[in-house]
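In what follows, a single structure is set out as structure tokens and then discussed.
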Number of protein chains: 2
Amino acid sequence: MSPRNSVVETRRTRQRIVDRGLALASVDGLEGLTIGRLAADLGMSKAGVLGHFGTKESLQLAVVDAAAELFSEEVPGRAPASAPGLPRLRALCEAWVSYLERGLLPGGCFFTAAAAEFDGRGGPVRDAVAGLDALWQRDLRIHLRRAQTAGELPAGTDADQLLFELVGVMLSLNHALQLHRDPHAADRARRATRRLLGP
Amino acid sequence: MSPRNSVVETRRTRQRIVDRGLALASVDGLEGLTIGRLAADLGMSKAGVLGHFGTKESLQLAVVDAAAELFSEEVPGRAPASAPGLPRLRALCEAWVSYLERGLLPGGCFFTAAAAEFDGRGGPVRDAVAGLDALWQRDLRIHLRRAQTAGELPAGTDADQLLFELVGVMLSLNHALQLHRDPHAADRARRATRRLLGP
DNA sequence: CCTACCGATCGGTAGG
DNA sequence: CCTACCGATCGGTAGG
């Protein structure tokens with residue numbers, strides 16, 4: 001048995017805190033996430049929770065990182081391996097729709113919520129959210145451009161325009177699912193994606 | 001001069017509170033809006049603010065109503081009068097893009113933010129936001145269907161699918177403006193709208 | 001519309 | 001990782 005305060009146990013506890021924090025923040029927002037409720041939820045003291053992070057802002061940043069890791073596992077990680085360019089792009093979009101459809105987090109897509117919550121402010125949390133969003137869009141843009149130069153898209157296609165519209169499809173999907181529980185939303189997102197990227 | 005506590009003065013004060021509350025909530029969210037900060041901002045006491053509403057939830061509902069009124073003035077109210085169906089729909093969408101582009105509220109589109117903030121919860125505020133969103137989408141759907149039966153849209157067009165994609169365009173526009181301050185976002189939204197509704 | 005106050009909870013610290 | 005505590009602020013009330 002490992003001693004109670006071993007490094008591995010400490011890491012495991014930290015992971016438990018962050019995972020639970022991610023679930024709570026997906027419902028109540030990153031600012032609505034409080035150390036007291038998180039501690040009570042985990043059966044720990046506030047000081048025990050905060051000791052792993054030092055400040056609430058550090059905890060928020062750790063939760064943002066965990067959300068990025070989850071997204072990465074569930075979307076690029078689940079998309080079947082496909083050739084770079086259009087095939088990979090289609091696989092990524094289908095995995096993205098599926099991720100939103102499955103509703104892994106109780107409050108829907110964490111990044112959509114965090115972006116809306118922090119987009120009017122400054123600070124490290126806002127920067128982290130914006131940076132991760134930009135990173136994901138850059139990935140998509142690379143595949144779009146490759147598809148374009150490979151002639152996989154109609155002549156004259158504007159890759160950035162297409163990306164703007166793809167992002168809109170996913171935002172609309174999250175909106176319809178979370179606010180209206182629309183059972184047709186995922187089908188609509190798939191049809192819209194097909195219209196943008198071909199069948 | 002009207003006496004200090006006349007009905008008209010009371011109404012005016014209430015309006016001042018709600019207007020300021022809307023601006024604050026667009027940045028910090030409806031839950032992040034606190035009675036104390038709102039009071040300090042207005043040079044009033046907390047009790048003076050709360051007296052107009054009774055509870056924070058009532059204040060939140062009043063702010064949601066004010067946001068709906070602003071949207072109504074700025075989008076349908078500014079769209080040039082046009083024939084029902086496709087012409088009116090195009091005018092509404094252009095006014096919608098313009099509303100988001102002008103950034104009237106410091107935190108961007110209030111309804112997008114409120115929808116993301118409350119979509120994982122229950123209660124009267126969530127219901128009010130969802131209801132107003134549904135009302136606006138119903139307006140758009142009516143014009144879409146009229147355009148369809150009038151033969152103003154390509155044969156086989158699915159009005160609900162088109163609506164889903166239009167909403168996505170506006171959500172993507174708000175996202176690009178607020179999170180990334182993308183200067184091309186409004187142009188992209190206009191191009192996407194033209195692709196959906198014709199030139 | 002104010003002052004004065006309530007109990008609860010906030011983020012965070014001291015000390016072990 | 002805990003208990004015990006800090007000052008600040010929360011939503012809300014009493015009484016005028």
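Does the range B:82-120 hold any residues that are within 22 Å of B:G29 (Cβ to Cβ), touching a residue at least 60 places away in the same chain (Cβ under 8 Å) and of a type outside the set (D, E, K, R), and which are they? Give the steps one after another, and end with the answer.
Keep residues of the range B:82-120 that are within 22 Å of B:G29 (Cβ to Cβ), which gives B:99-100, B:102-120.
Now narrow it down to the ones that are touching a residue at least 60 places away in the same chain (Cβ under 8 Å): B:100, B:103, B:105-110, B:112-114, B:117-118.
Those that are within 22 Å of B:G29 (Cβ to Cβ), touching a residue at least 60 places away in the same chain (Cβ under 8 Å) and of a type outside the set (D, E, K, R): B:L100, B:G103, B:L105, B:P106, B:G107, B:G108, B:C109, B:F110, B:T112, B:A113, B:A114, B:F118.
Name every residue in the range B:30-63 that is away from DNA strand D (no atom under 11 Å from the Cβ) and part of a helix (DSSP H, G or I), in order of residue number.
Residues satisfying the conditions are B:L42, B:L61, B:A62, B:V63.
Does B:A114 meet the test of being closer than 30 Å to A:A23 by Cα, within 16 Å of DNA strand C (Cβ to nearest atom) and in contact with a helix residue (DSSP H, G or I) (Cβ under 9 Å, 6 or more places away or on another chain)?
Values: closer than 30 Å to A:A23 by Cα: yes; within 16 Å of DNA strand C (Cβ to nearest atom): no; in contact with a helix residue (DSSP H, G or I) (Cβ under 9 Å, 6 or more places away or on another chain): yes.
Criteria not met by B:A114.
For the range A:143-199, which positions are among the polar types (S, T, N, Q), in contact with a helix residue (DSSP H, G or I) (Cβ under 7 Å, 6 or more places away or on another chain), within 12 Å of chain B (Cβ to nearest Cβ) and surrounded by 19 or more Cβ atoms within 10 Å (Cβ to Cβ)?
If the condition is that a residue be among the polar types (S, T, N, Q), in contact with a helix residue (DSSP H, G or I) (Cβ under 7 Å, 6 or more places away or on another chain), within 12 Å of chain B (Cβ to nearest Cβ) and surrounded by 19 or more Cβ atoms within 10 Å (Cβ to Cβ), then A:S172, A:N174, A:T193 are the ones that fit.
Return yes or no: is A:S82 assigned to a helix (DSSP H, G or I), under 27 Å from A:L163 (Cα atoms) and among the polar types (S, T, N, Q)?
When the stated conditions are applied, A:S82 does not pass them.
I need the full set of residues from the range A:112-127 which are surrounded by fewer than 21 Cβ atoms within 10 Å (Cβ to Cβ) and within 12 Å of another protein chain (Cβ to nearest Cβ), in order please.
A:G120, A:R121, A:G122, A:R126, A:D127
Got at least one residue in the range A:80-102 being within 12 Å of chain B (Cβ to nearest Cβ) and not acidic (D, E)?
No.
Which count do you get for residues in the range A:2-22 that are more than 14 Å from A:E69 (Cβ to Cβ) and modelled with pLDDT of 90 or more? Step through it out loud before you land on a result.
The first filter runs over the range A:2-22 and keeps only residues more than 14 Å from A:E69 (Cβ to Cβ), leaving A:2-13, A:16-17, A:20.
When the remaining residues are screened for being modelled with pLDDT of 90 or more, the result is A:10-13, A:16-17, A:20.
So the answer is 7.
Would you point out the residue of the range A:52-65, among those that are within 27 Å of A:S98 (Cβ to Cβ) and surrounded by fewer than 19 Cβ atoms within 10 Å (Cβ to Cβ), that is farthest from DNA strand C (Cβ to nearest atom)?
Here the answer is A:D65.
State whether one or more residues within the range A:129-150 are assigned to a loop (DSSP other than H, G, I, E, B) and over 23 Å from A:A62 (Cβ atoms).
yes
Within the range B:1-29, count every residue that is within 14 Å of chain A (Cβ to nearest Cβ), of a type in the set (D, E, K, R) and away from DNA strand D (no atom under 13 Å from the Cβ).
Count: 0.
Any residue in the range A:28-54 that is within 21 Å of A:R126 (Cα to Cα) sitting within a Cβ distance under 6 Å of a residue that is of a type in the set (K, R) and within 7 Å of DNA strand D (Cβ to nearest atom)? List the pairs, counting only those 6 or more apart or interchain.
Short answer, once both residue conditions are applied: A:I35/A:K46.
Enumerate the pairs (first residue in the range B:60-81 and farther than 17 Å from B:L33 by Cβ; second residue anywhere and assigned to a loop (DSSP other than H, G, I, E, B)) with beta-carbon separation below 8 Å, excluding pairs fewer than 6 apart on the same chain, so at least 6 apart or on different chains.
B:E74/B:L104
Could you please find all residues in the range A:71-91 being under 13 Å from the mean Cα position of the chain (by Cα) and surrounded by 19 or more Cβ atoms within 10 Å (Cβ to Cβ)?
Scanning the range A:71-91 gives A:F71, A:V75.
Pick from A:L38, A:L24, A:L100, A:L105: which is touching an Asp or Glu at 6+ places or on another chain (Cβ under 8 Å) and crowded, with 18+ Cβ neighbours inside 10 Å?
Going through A:L38, A:L24, A:L100, A:L105 in turn, just one is touching an Asp or Glu at 6+ places or on another chain (Cβ under 8 Å) and crowded, with 18+ Cβ neighbours inside 10 Å: A:L24.
If a residue must be among the basic types (K, R) and touching a residue at least 60 places away in the same chain (Cβ under 8 Å), how many such residues does the range A:152-196 contain?
1
The values are calculated or read from the model by the stated rules, or taken from the named source; none is laboratory data. Model, not experiment: these values are computed from the prediction. Using ideal geometry, Cβ is built from the backbone for each residue, glycine included, and neighbour counts are taken over all protein chains shown.
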